[in-house]
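First up is the structure itself, then whatever we jot down about it.
The values are calculated or read from the model by the stated rules, or taken from the named source; none is laboratory data. All figures in this text were calculated on a predicted structure; none of them were measured in a lab. Reconstructed Cβ throughout: ideal geometry from the backbone, glycine too, with neighbour counts over all protein chains shown. All accessible areas refer to the heavy atoms of the entire protein, side chains included, with ligands and DNA or RNA removed. Shrake-Rupley method; radii C 1.70, N 1.55, O 1.52, S 1.80 Å.
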Amino acid sequence: MFITFPDGNKREFKDGSTGIEIAAEISPRLAKATLSCDIDGVHSDAFRPITGDHAIKFYTFADENGRWAYRHTASHVLAQAVKRLYPEVKLAIGPAIENGFYYDFDAPSAFTPEDLVKIEAEMARIEKEDLKVERFELPRAEAIKFMEEKGEPYKVELIRDLPEDAVISFYREGDFVDLCAGPHVPSTGIVKNIKLLNVAGAYWRGSEKNKMLQRIYGTAFEKKADLDAYVTALEEAKKRDHNKLGRELELFTTVDIIGQGLPILLPKGARVIQLLQRFVEDEEQKRGYNLTKTPFMAKRELYKISGHWDHYRDGMFIMSDTPDVEDENAEVFALRPMTCPFQFMAYLNRARSYRDLPLRYNETSTLFRNESSGEMHGLIRLRQFTISEGHLACRPDQVEDEFKGCLDLAKFMIDTLGFTDDVSYRFSKWDENDTAKYIGDKASWESTQNMMRTILNDLGVQFTEADGEAAFYGPKLDIQIRNVYGKEDTLITIQIDFQLAERFGMVYTDTDGQKKFPYVIHRTSIGCYERTLALLIEKYAGALPTWIAPVQVKVLPITDRAADASVEIQKSLEQYGIRVESDLRNEKIGFKIREAQMQKVPYMLVMGDKEMEQGLVAVRSRKDGDLGTMTLEAFRAKLLEEVATRAKS
């Protein structure tokens, strides 16, 4: 058989050779490093025989696919170890994920930290046993019977849900067998440096209607030094985790009887959000946006026009006077998941001419999305959130300039908040193999995607392309950012919509007197405010830049004699819009300073007899420590300059 390599070279090999054997003929070092391979574009086991002519690419731990196969096998080693120690446990799923793996178990009792130590030790024994990994397939009926006999109901359910023509494959390592599509590394001895990290709850298949399982997370690295570095970074990340730090700093809290994904912003957190909203709305006004204020809910009929009813209903909170939400005689409302249909109504308020375009609407919108419980984390993903939303109606000849303006606004916000080095750009396209998810025809989608790609290239944006990530009505540019644990989320999005204007009858009279449909650009400028707050907490380890710090100054009297002077200083600074608190408690000054430092307050003004006599303030910075004494006017000027320039440190 002839094998084609990535550089285009072809070589003849014995028919039935494995990927590892082919790699060995090129280089023994390559064979040793190969974890999996790509055969004609399909990620595959490197230990399976290959017949016929194919193109091949080898993956090592340096490659994403190689790491995926390595950690996928680690998840199977985890499941094998758990079954050895706790035979009564039922297996669910265990994929590789970015930077690690997990496996979901249905266990009669909760796994403890001590259990994880035992499981990890058993995994080390399985690694030393160097069990050969083998793949085999079974017909559907035999596969179901096989898993039923093993007492694995979750596996049986997975098999039953596979398409009729699906290949049902299993992987064996010693006496352990798991249902799996693969690929895997050749043996358990290859997977070293495994570390189990934590246990979390996870509903079967992500649905709250199903049983809560236990998810054990872990990671694995080829080199111990890399594992040690990752664990150290993870410990540092925990210190910055907004879900921990935001509560400690009293920025937000959550309450079980209110519900998951429904946080309470405490006074300090609410102040930060307010400052961000004012900043965004003022900047948008400077850039020609028109502010709207629209309802939180609407009738079902509005969402039917927009397409949300057919394409997004599962993500909506629906209110109806009858269980049948499709009953034409019923009055059915839904909380809004997006603002676009509402702002389209503002456009339709009167007739529009080409002279009215571009027309830019913005709104600080409260939205509601029925997220599954497994997706929610702190302030990152919520069921109710606030977003800096906007929609621009424009003529075809204005699309590029308006898109550029949206991107410029987004970059301005990103830079001001200090996120420039943390973001990446993703061009999200439709999936032409799953057109049921979208509205519109292929030609229109391809045309609009080509338009967006051209715009992005013209603007010099470095981006990756992702199929299947578009909105149901058009392609988009997603500005992605990672949280402190490395999980990627969308911060800001800019979408080109070529369909909804027509669905809503949004027209303008063009220069030739003809009625035409505008393009609509959907965009956010800072994204979800709650998510932005979470990312700011993690970025700055809670020490928010002075201009958005909820408390900018703490006045700390050393003795009761300085209390009145401290209050007067507070009042004086507040006249200039500075956010100040005075700590008048009968505590030692060292205690007050430490507490203010723990609260991440940018500046502390220490007041004692000496400062009162000299008419000065002793200034301490959370960053630089003791700055000495200065007049109140000099300190005020320094702080106001820091706020005016939106300094990041």
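Assorted remarks:
- Here the stretch 262-315 exposes an accessible surface that is 53 percent carbon and sulfur, computed with a 1.4 Å probe and the other protein chains kept in place.
- Modelled label reach - GLU465, point 7 Å along Cα→Cβ, the stretch 393-431 residues with backbone N closer than 13 Å: 427-431
- For the chain, adding -39500 (n - 2.57) for each run of n ≥ 4 DSSP H residues and dividing by the number of residues yields -10500 deg cm²/dmol at 222 nm.
- Helix 224-240 and the long axis of the chain differ in direction by around 30°, with both axes built from C-alpha atoms.
- Projecting label points 7 angstrom from Cα along Cα→Cβ for GLU581 and ARG646 puts them 2.6 nm apart.
- Loop trypsin sites (Lys or Arg not before Pro), the stretch 320-367, which have at most 14 other Cβ atoms in a 10 Å radius of their Cβ (DSSP): ARG350
- Ellipsoid fit via the Cα gyration tensor, the stretch 325-378: semi-axes of 31, 20, 7 Å, each the root of five times an eigenvalue, largest first.
- Rg/Rh, computed from the Cα trace of the stretch 1-142 with Rh as the Kirkwood radius, has the value 1.05.
- Cross-link table LYS155/LYS211; LYS209/LYS238; LYS145/LYS211; LYS155/LYS209, entries beyond 20 Å C-alpha to C-alpha: LYS209/LYS238; LYS145/LYS211
- Relative packing of 433-441, 579-587, which averages over residues the other C-beta atoms within 10 Å, highest first: 579-587, 433-441
- When you filter the GluC sites (Glu not before Pro) in the stretch 286-373 for DSSP loop state and at most 14 other Cβ atoms inside 10 Å of their Cβ, you are left with GLU326, GLU328, GLU331.
- Nearby lysines by direct alpha-carbon distance to LYS286 (threshold 24 angstrom, same-chain neighbours under 8 apart not counted): LYS404, LYS411, LYS648
- Rounded to whole Å, sorted largest first: equivalent-ellipsoid semi-axes of the chain, Cα gyration tensor: 48, 37, 25
- Looking at the stretch 500-578, the pairs of alpha carbons with a distance over 21 Å make up 63% of the total.
- Neighbour net charge for LEU227 - beta-carbon separation under 10 angstrom, K R +1, D E -1: +1
- Viscosity 1.002 mPa s, temperature 20 °C, Stokes-Einstein D of the stretch 571-614 from Kirkwood C-alpha radius, µm²/s: 180 µm²/s
- Within the chain, percent of DSSP bridges classed antiparallel, to nearest 5: 85 percent
- The H on the amide N of ALA471, modeled in the peptide plane, is under 5 Å from the matching H of LYS476, each at least 5 residues off or on a different chain.
- Computed from Cα positions, the angle between helix 64-85 and the longest principal axis of the chain comes to roughly 80 degrees.
- In nm, spacing of pseudo-spin labels at ARG29 and THR253 (7 Å Cα→C-beta vector): 6.0 nm
- Cα-projected label distance for LEU291 with ARG125, points at 7 Å along beta-carbon direction, nm: 6.7 nm
- Straight-distance crosslink candidates among aspartates and glutamates, where the alpha carbon sits under 18 Å from LYS442 and sequence neighbours closer than 8 are dropped: ASP431, GLU432, ASP434, GLU465, ASP467, GLU469, ASP497, GLU502
- Sorted largest first, the principal axis extents computed over the alpha-carbon atoms of the stretch 329-427 equal 53, 47, 22 Å.
- The angle separating the long axis of helix 267-286 from the principal Cα axis of greatest extent in the chain is about 90 degrees.
- For the stretch 53-210, the Kirkwood hydrodynamic radius from C-alpha pairs, put into Stokes-Einstein at 20 °C and a viscosity of 1.002 mPa s, yields a diffusion coefficient of 130 µm² per second.
- Largest-first principal axis extents of the Cα set of the stretch 8-47 (Å): 24, 22, 21
- Cα-derived Rg over Rh, computed across the stretch 87-154 with Rh taken as Kirkwood radius: 1.00
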